[in-house]
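Worksheet for the structure shown next.
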Amino acid sequence: MLHVELVLQGLINGSMYAVIAVGLTLVYGLLRILHVAHAGLFTLGAYITVLITNATGSLPLAVLAATLVVGVAGMLVYRLLYEPLLDRPPYVALIASIGLFICMEESYRIVFGPYGNSFDTMQLTQRITIGPIGMAAADAAMLVGAVVLLTGLGLLMKRTRFGIAWRATVTDPAMARSFGIDTIKVRYVNFFIASALAAAAGALVAVLNNLVEPTMGSVPSYKSLAIIVLGGLGNVGGTLAAALLLGVIEAYGTIYAGAFLDRDAIAFVFLIAVLMVRPQGLFAAR
Amino acid sequence: MLRVDGLTCGYGRFVAVRDLSFAAQQGEALAILGANGAGKSSTLMAIAGHVAVGGGTITFDGEDITALSPMGRCARGIALAPEGRRLFRDLTVRENLIVGGYVRDARRTDEAMARVLDLFPRLKERLDNQAGSLSGGEQQMAAIGRAMMAAPRLLLIDEVSLGLMPKNVDICYEALDALRRGGLTIVLVEQSLERVLAMADRVVVLESGRLAWTGTAAQARGNPEVLGAYMGGVRA
């Protein structure tokens, strides 16, 4: 029973990592930019969810608004920050992204205060029991939300003409253009979807912890970077698998190595160990 | 149909083609010949919009398309099957074909795909395979098929036979011949002189990025000037 609970807890954490990291890997796959500021958008999604839920009393409305607003914010980040830097070496965009992330964290501190905000009324506090397994509704929402979002993304990429055009653009933008694909539009849509995923993850974490704070993006930021390296940079399926694997390893590590290693340290010990054996990541595409 | 006037193009400071002029008529197969580095592929890529034009004009159906994006050229009926095929390797053959027809109405995709599969029946059994897993011959068929998905009026094709088994070269040339007979205009770059002269109506020979000779394929056969340029400036 312990193992079932640990795997389940790992999958819940892993699904949160997956939603954030898949967005990050979408950006990397298309533009070869390590989009550190993605975690700032995750935090923005969390804040918008709490503020709108407190103002309207409707969590679904708040989540919808957060994904739309943060999706548009992501497109603005692309237009104003990355697009002018596309012809520069990749580290220039990386430095700009780190700068934007710090700027976003400090802006949240100034605007929303340093101590964090929470829902006026705790959300999804019920307990769900399926057979011998019980979990908080917020945990279930995280799991189901991740499955729905990532399945939707998978269907979009595999089953629609736009998704196929998107994957073609990732493989060879110049050839994609010669077949009439508007690669600029693909980039904007890419940023919208990646950022909306970050916002959805932020909303789910806000519900799970009943707390949003300016620095809540820091841990997901470096952990999702670790995950996309583990998954094989730019590989969406690999990122998903790496995120779930990391979640489960963390859950086990917390029980069996928690006495001498912090949960986040466990993740990085695992990352270092994997990269020593497979520097290209666990699921490198090629 | 296609008119190139005084074309000068290249990559950064390197000028690959200088002051080149030629024209291709509707339903004609025009071959561009020359030694390695003569500027054949650069000419093709400039017509497709992938190489910056430094001077001259490219006109298609009376419209100046010199400054038009590759996307715009595709929408006007120009398709490219480039050197090295450049298939989307991680996509299946079916998905590559869908991308090829992206510029057209989605409802016509099935109809266009059926025509491509009639042209290259071998692709039928490979439709759900990743393009990167195909043999060289199958990749060339998929590349030509992908270009044909947009129902172009001008097909630009680079190095049809390069690295292919003779049987696959036959299949590709038979398909191109059928397309030409159906009214498609083809501009092709090819290393195999014998092959290309058997198919082309007219020939343009380049030497160091400049026009060295132009005439009909019949005039080119056995012509020492053409052979010399093809061999890299060594006169036969």
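No lab work stands behind these numbers, since they all come straight from the coordinates. Since we're looking at a predicted model, the values are computed, not measured. Ideal geometry is used to build each Cβ from the backbone, glycine not excepted, and the neighbour counts take in all protein chains shown.
The Rg/Rh ratio of chain A, with Rg taken over Cα atoms and Rh as the Kirkwood radius over Cα pairs, comes to 0.96. The alpha-carbon of residue B:124 sits under 17 angstrom from the alpha-carbons of these aspartates and glutamates, leaving out residues fewer than 8 places away in its chain: B:95, B:110, B:111, B:138.
Backbone amide hydrogens, once placed in the peptide plane, bring residue B:213 within less than 5 Å of B:205, excluding anything fewer than 5 places away on its chain. For chain A, modelled as a GNM whose springs connect Cα atoms under 10 angstrom apart, the maximal fluctuation among A:256, A:17, A:108 occurs at A:256. Counting only residues at least eight positions apart within a chain, or on another chain, the lysines with an alpha carbon under 21 Å from that of residue A:185 are A:158.
Within 10 Å of the Cβ of each residue in B:89-97, the mean number of Cβ atoms contributed by other protein chains is 4. If you take the Cα centroid of region B:13-43 and the Cα centroid of region A:67-142, the two points sit 52 Å apart. Qualifying trypsin sites (Lys or Arg not before Pro) in region B:1-87, where qualification requires a DSSP coil assignment and no more than 10 other C-beta atoms within 10 Å, comprise B:13.
With each label modelled as a point 7 angstrom along the Cα→C-beta vector, the residue B:162-residue A:147 pair spans 5.0 nm. A cut-off under 12 angstrom between Cβ atoms defines the neighbours of residue B:203, and their net charge, with Lys, Arg +1 and Asp, Glu -1, is -1. Computed packing ranks the peptides B:178-186, A:181-189, A:63-71 as A:63-71, A:181-189, B:178-186, most packed first, by mean other Cβ atoms within 10 Å. How large is log10 I(q)/I(0) at q = 0.05, 0.09, 0.10, 0.13 Å⁻¹ when the Debye formula is applied to the Cα atoms of the protein assembly as shown, each weighted equally and without solvent? Values, matching the q order: -0.27, -0.74, -0.85, -1.15. Rounded, prolate or oblate: which fits chain B, taking a ≥ b ≥ c as square roots of the Cα gyration tensor eigenvalues, rounded meaning a/c under 1.5, else prolate when a/b beats b/c? Prolate, since a/c reaches 1.5 and a/b exceeds b/c. In summary, the lysines within cross-link reach of residue B:40, defined as a Cα separation below 30 angstrom excluding same-chain residues under 8 places away, comprise B:167. Rounded to the nearest 0.05, the FRET efficiency derived from the C-beta distance between residue A:127 and residue A:256 at R0 = 25 Å is 0.40. Remark: relative contact order (region A:141-206) = 29 percent; criterion is Cα-Cα distance under 8 angstrom and separation of 6 or more residues.
With respect to chain B, whose longest principal axis is taken over its alpha-carbon atoms, helix B:136-148 is tilted by about 90°. Placing unit charges on the Cβ atoms of the charged side chains and taking the dipole of the protein assembly as shown about its Cα centre, the candidate lying farthest along the positive direction among B:198, A:275, A:189 is B:198.
Taking other C-beta atoms within 10 Å as the exposure proxy, A:106, B:83 rank A:106, B:83 from fewest upward. Give me the net charge of residue A:47's neighbourhood, meaning all other residues with Cβ under 13 Å from the Cβ of residue A:47; Lys, Arg count +1, Asp, Glu -1. Within the 13 Å Cβ shell, the charges total -1. For region A:1-130, the calculated P(r), taken from all Cα-Cα distances in 5 Å bins from zero up to the bin holding the longest distance, is 2, 9, 15, 18, 17, 15, 11, 7, 4, 1, 0 percent. Annotation: the residues B:88, A:162, sorted from fewest to most other C-beta atoms within 10 Å of their own C-beta, follow the order A:162, B:88.
Based on C-alpha pairs under 8 angstrom that are at least 6 apart in sequence, region A:1-126 has a relative contact order of 27 percent. What is the distance in Å between the Cα centres of region A:226-285 and region B:184-209? Value for the Cα centre distance between the two parts: 55 Å.
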